[in-house]
Structure formats: C-alpha cells, structure tokens
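In what follows, a structure is listed as structure tokens, so that the remarks can point back to it.
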Amino acid sequence: MVEGPAQLCGGSRPSLPRRTPALGLGLVKMTDGKEDPAVFTTTCLPSDQRLLATVTNAYLGTRVYRDILHVNGVYNGAVGDTHRADVPSPLSVRMTVPGADSLAETFTLNTRTGTFSHVLQSTDYTATHQIYAHHSLVHLMAFSITIRRSAHTGQPITVQLQTPFVPKSQDLDLYQGEDFQGAHYVYGKTLVPEVEGGPRPTIHMLWTPVPQALTLRGEEQERSWEFLTAVAESEEEVKRSYSEGLALIASGSLHSSHTRAWDTLWRGCCIDLDGPLLLRQALYGCLYYLLSAIPPRDSPGFLFHGISPGGLSNGTRGEDYWGHVFWDQDTWVFPNILLFYPEAARAILEYRIRMLEGALRNAEEQGYKGAKFPWECAATGQEVCPEDIYGAQEIHITGDVLMAFEQYYYTTQDQKLFRENGGWKLVGAVAQYWCSRMVWSEEEQCYHIRGVMPPDEYHYQVDNSAYTNALAQRSLRFAADIAQDLSIPVPEEWVECANKVKVPFDMEKKYHPEYDGYSPGEPVKQADVVLLGFPLMHSMSPEVRRNDLEMYEPVTELNGPAMTWSMFAVGWLELKEMQRAQSQLNKCFSNIMEPFKIWVENSDGSGAVNFLTGMGGFLQAALFGYTGFRITKTSLLFNPSCPDDVRKLKVTGISYLGNKLKFTITTEEIRIKVTESPLDPPALPLEAVLEESGQRFPLGEGQSISFPTAAGWIQRLPTKVH
C-alpha cells in the first residue's frame, strides 16, 4: 500500500552552491533539455514537516498537508500573547491507493505556476493531486484530483483521500451555518482581542466536502474533481468568492486563471542568470516565496496586513514569531518588492500608516513625542512583543520603517501617498520621535541616543548604536527633504538633530565601532555596522567600508540569522572583491533546505522556518549586489559586479519613475531596454548616464541601448528649456 506523503525521508541541504542535490531530489527538464531551475521535484518528502512547501497568496496561506491555515491580519490573544489565529484547513488531504504495487511517486513545487502537486503513477494510470492558493482571487484556495487512464483496461480505478479536517479551532469560536451551493459553512470570531475593547475579527469559511474515495469508472478515460475553500471576513464576501470559484470550475478555468496570474507576475519580474544551477534555483525559490506574500494588482478593498518573517504559512502561537511583523518586512523584504512591484510596496507602507495610531501610543507610553513603531506589530500598531526589552530598546525599527518610505518616494515620486494618504503624518511623527529621543552631550557637543539595543541583539542598554543613530539621521534628513517637496516648513530642530547626532567613529582604526565602548573582537549576533554601507549608504570612504567589513566579518556569529552574509557579500561586491563576496554568499546555502528551497533562520536549523527575511537578504545580494543598484534622491545607480561563474545576468521588470526596465549584464556589456512606459498615469521619461565619460543615452519605450560595462545611473530626462 502506498501511503503517499506519509512516506517521509530525512531532510538535507547543500552546504555550498556546487554540492550535488540531495538524494531523492529530481530535476524537471525544460524543452531545451536543461533542468528547469523554477521547478523542484522529489520522490521523498522531508521528515521535518516544517520544511514542506507552502502555498499562499496575500490573504490565505498554509503549508501543504498541514491541518491549519492562516488569514492575513487575523490574530487571537491579548498583547504579549497575540498570534496568528489557527483556522482549520479543508485542504489537508492526502491521496493514497491501497493495495497498489510498483507505484512511482513524485512531489513537485512548480514556482512558475504557484502549484504543489503529488503524482502517483502506475503502468495503468496516473493520479495527480494539485494544491494552490489562488493568486488573483485571494479569498480562494483549492485542490484537485485527476485520474487518467494510460492502458486500455476497463477496470475502475479508485484513490482514497485521507483528511484530518475537523471544523474546530483553538483560536476561534466557530458555529455551523447552512450549506451553500453544496459547500459546508462555518463562521465565528477570534476569542481574545489584541487590546481591551479592540476588534475580534470574524472568519467565514465555505468548503467543498471531501469524500473518502474517488473512482474513475471503467468507461471513463480521464476525470478531474475540484475542491474549493473560500475564506473571508464577511458572509457576503465568502459567498461571492465561492460562487466565483464555482463559475470558474464550470468553465474549466479555475486553475488556469490562477496560473495566468502567476505567469503575469513572473513576466513582470525575474532575476535569472547564466550560472550555477543551485544559485538559479535559490533565486527562483526566494522570488516564489516573496511573491506569494504580496497583494496582487487590482485588488480593490483588500486591506493588506504586512509580511511576517515566516509568511502566512506560519505564525501559530509559539512558532515563527507568532506571525508578527518586524523590521524584516521593511529592511529585508521591501526593497526587492519595491523595485519590481511598487504597487505592492505601497500596500506595505499603507499598512504602516494604518498602524500609526498604535505607534503614537507606544511613544507616549515610553515618555517620548511622535511615533515609535513596535518591534513586533500585529493588528493595532501597539507593541506585542512578549519580552519588554525589545520593544523598549530595539528602536531602530522606527527608522527602518521610514527608510522604506524614503526608498519608495525616490523610486516612484508618488507624492499622493504623502499629501493625501497619511504618509506625511507618519514622516513627521517619526522625525518628532527621533528628536525627542536624543539628548545633548555638553562634553562631546553632539546629540546622543542612549539605552538601546542595536540589530546585534547580543548587546543591549548601549549608547549611540552606530546603526540606530545613522538611521535616525537619515530619517530626519528625508523628513526635511520631503517637507520641502511638499512646501511644508521644515522645523529647525530636525536639521539641527540630523547634523549633530553622534555616529561613533574610531579615527585611529578608521572604522565604525558598533556603539560607544565597543571593543574590537567582541562577538556580534548578525549584520549590524555593515548595514551602514548598504542599505543605509552612510557616507564613508572605500577604506572605511573595507575596515568595517574586515572588523566584523570574523566576529559575527556563524550560525546567526540567514540574511547576515548577504550583506557582507554586497559590501565586498561594492569593493569589487569577487571571491570574498562569493565566499560570504555561499554561506547562505546552508540555510536553504531541500527539496523545496525552504529557508531556516539559522544554519543549524533553529529559528523561524520559511524565513522570508533570509530570502529577502539573498535576493538583495543579487538585485542590488550583482547590479550595483542603489536608490538615491535623484537616480537609480548601477555598477555591476558579477562573480566569475555568473556569465550573464538578466533582471526583468525593474520599476523606476513609472517605467519598466530590463537589464542584461555581462562582463563586456550592459543592455537596458524600456519594456513599458505607461501613459496613465504618465511615466517620467528617462536617460542613462555613464559616470566616467558623462555619456547620455535617452531611454524610450521599446528602445534598447547598450554600452561597455561601466558604472552609471538612470535618471529623469531633463526637460528642455525653450
């Protein structure tokens, strides 16, 4: 008897990009005979169920074969205990064929189509089980079973479906409603609000009943059965979504409408290269899991509630940071999304704007002015971290949030977000917070920020964290800049505090101490000071940049969080030290678990699973490291640095000032093409400028320009003065 997914084998991972793929990991061939780097196939599932593939969209998510799913923004429990509410999952179904001999079995995650499939194949038939979270109809998840006869026998073929599904939840008070269009119906509220008197979200769920067995009759050649699950926060929406799903099933287009949405997504953005297969697979895997988490285009009325480190597939109480939103979203995930899908990036910022009231309250409770964003955020914007020290001291989160707003503004020039949609209020409140958090030092004649925990969480209650203070400075300078753009008077205090805040620097050793009193050689948990170079772009010479990298690389925890080594790699790429960059990026591969490219937070397997933060850092190493992209106030810089084994890099769908660009980079040549330049709203005309020669190349839609590989930038085409 084949037990399908119950047959589990040990998980494994490559420690370096060139290590042979794990046993049991099959590779799908493309039409040209090469392996498809976007399709992960195995004959054996990992024994650790946390490493199973995830299927999510921006609203619903689950791990395949898991008996719970999660809904974006739906939490249960009071502050300190609030976590993603567990919703029972009707999709937790396993397909088996009792008594069958010599069945070939495969499990595949196809990242191109956002679909997980399990195939059982004999000489007489093939049975296929597909699971997916519909990408454009975000209230729907679905699975299908297809049995296809491959021999001319007239025997009926039966597959059994095993499901542990029970419509009960530890986080929801569920009631049974009347069946609707053949679907069962439950609804109910979360048990405990995040704050006293706060909302308790309601969940409505409809699902197609799952039989114990399905049979292809003797006279039938092939048949498919489709099963829908609809989840929404109102009865009207869940019934509308379920009906829409039924209509698509009737027209035979439920799955194809989902794969079309993924096809559009991939056509709009991709990083691919002519290089090692495992590197290409890692990039496709990271992009799949990140793209699974973002709101689709044209989703009116859908309120997005942010991205947590483990995504929507995780976040149960006690697991993967309980589904809370950290700086991981704004610093590690956001820049990738911004350069590909500024509309989705805007939805992330709108979530932060909606959380502003909670942030204002956090600052007030700590005795400061303005807005202090929580270290861990859920539904209200108030601090929900179970341990007080992080909320009290890891205040760099507030600057991280504002840096995302800055990057968005300089990439899109979207003033409407700031003028009309609450962005300016947030910017002003953050600037006010930083000013109230600073104290003047008569001795040093500068402002100090005291009693903080830097990104390196091994140290706390320190004064003048280099990262925190540099970020505060950047926040204040951006606030002043955008105030001028919006014709709003700039408070003198903002400029004064920005110019006079202390960013520790050792004049003798020419490096940045992590904080006042840091001794060289002290262990560091994760990327901290190296973030001054990127993403902060804090002003420093190449010598100081190198010294920071060399000072902190040997003392950073080898088993620390996965995103760390990506940032060292970006630093070495900046300095054109290819081999050093490669050795840092190679460390990331020990965080990628086979066969579905699930990242773990720490290379020893501990910490959060499906760790989007690590994936975001890795993508930035390619998207910003290999290309040298940097978002500045007036331009998008480029300065490529590709490792020796990357012969060609193609980055499709870069969004800048309303245009879509495709970059093709080799050691000899850069080619840039404007693939889209919309008229509504109008994209700003662009030009490319080479740094050394000053040569200028106008960039028009459909046009392609090329030049020998060199540093330069993309900027708005200056308007001619008549």
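The values are calculated or read from the model by the stated rules, or taken from the named source; none is laboratory data. Here the structure is a predicted model, which is why all the values come from computation and not from measurement. Every residue, glycine among them, receives a Cβ derived from its backbone with ideal geometry; neighbour counts consider all protein chains shown. Each accessible area value is taken on the protein alone, full model and side chains, heavy atoms only, with ligands, DNA and RNA left out. Shrake-Rupley method; radii C 1.70, N 1.55, O 1.52, S 1.80 Å.
If you wrap the Cα atoms of region 658-722 in a convex hull and average its projected area over all directions, you get 4.9 nm². The relative contact order of region 548-627, computed from alpha carbon pairs under 8 Å that lie at least 6 residues apart in sequence, is 34 percent. Within straight-line reach of K597, meaning a Cα separation under 16 Å, sit the following aspartates and glutamates at least 8 residues removed in sequence or on another chain: E35, D36, D48.
Considering only M563, V64, L684, the residue lying farthest towards the positive end of the dipole of the chain is L684, judged by Cα position with unit charges set on Cβ.
Hey, what angle do you get for helix 235-250 against the long axis of the chain, alpha-carbon based, 0 to 90 degrees rounded to 10? Roughly 60 degrees, rounded to the nearest 10.
All alpha carbon pair distances within region 524-609 were sorted into 10 Å bins beginning at 0; the resulting P(r) in whole percents reads 18, 48, 26, 7, 0.
What a 1.4 Å probe finds exposed on region 155-286 is 49% carbon and sulfur by accessible area, rounded to a whole percent. Against the empirical 2.2 N^0.38 Å (N residues), region 113-213 has a Cα radius of gyration ratio of 1.48.
The Rg/Rh ratio for region 189-348 is 1.02, where Rg is the radius of gyration of the alpha carbons and Rh is the Kirkwood radius. A simple packing score, the average count of other Cβ atoms within 10 Å per residue, orders the peptides 183-189, 441-447 as 183-189, 441-447, with the highest score first.
Note on the chain: semi-axes of the ellipsoid equivalent to its C-alpha gyration tensor, largest first and rounded to whole Å, are 43, 30, 25.
At q = 0.21, 0.24, 0.25 Å⁻¹, what log₁₀ I(q)/I(0) does region 399-488 have when each alpha carbon counts as one equal point scatterer in the Debye sum? Computed log10 I(q)/I(0) values: -0.99, -1.16, -1.23. Between helix 396-412 and the chain there is an angle of about 80 degrees, using the helix long axis and the longest principal axis of the Cα atoms.
Using the 1.4 Å probe convention, the accessible area of the chain works out to 38 Å² per residue with neighbouring protein chains retained.
Its Kirkwood hydrodynamic radius, worked out from the mean inverse distance over all distinct Cα pairs, puts region 491-571 at 13.6 Å.
Dipole check for region 578-659: with +1 at the C-beta of Lys and Arg, -1 at the C-beta of Asp and Glu, and the Cα centre as origin, the magnitude is about 400 Debye.
Candidate cross-link partners of K168 among the aspartates and glutamates, defined by an alpha-carbon separation under 19 Å and a same-chain spacing of 8 or more, comprise D67, D86, E178, D179, E233, E235. Straight-line reach from K510: taking Cα to Cα under 27 Å and skipping same-chain neighbours fewer than 8 places apart, the lysines in range are K500, K502, K525, K576.
When its C-alpha radius of gyration is set against 2.2 N^0.38 Å (N residues), region 393-550 gives a value of 1.06. Protection proxy ranking, highest mean first, for peptides 217-228, 261-272, 593-604: 593-604, 261-272, 217-228, where packing is the per-residue count of other beta-carbon atoms within 10 Å, averaged. For region 223-334, the relative contact order is 12 percent, taking Cα pairs closer than 8 Å that sit 6 or more residues apart in sequence and dividing their mean separation by the residue count. Taking every alpha-carbon pair under 8 Å whose residues sit at least 6 apart, the chain reaches a relative contact order of 12 percent.
What does DSSP give for the chain in terms of the percent of beta bridges that are antiparallel, rounded to the nearest 5?
Expressed as a percentage, antiparallel bridges in the chain total about 95.
Sorting the segments 242-251, 83-92 by their mean number of nearby beta carbons within 10 angstrom, highest to lowest, gives 83-92, 242-251.
Under the convention that each Lys and Arg Cβ holds +1 and each Asp and Glu Cβ holds -1, the size of the dipole of region 321-362 around its Cα centre is about 100 debye.
Radius of gyration over Kirkwood radius for region 267-373, both on Cα atoms: the Rg/Rh ratio is 1.05.
Estimated translational diffusion coefficient (Stokes-Einstein, Kirkwood radius over Cα pairs, 25 °C, 0.890 mPa s) of region 593-634: 209 µm² per second.
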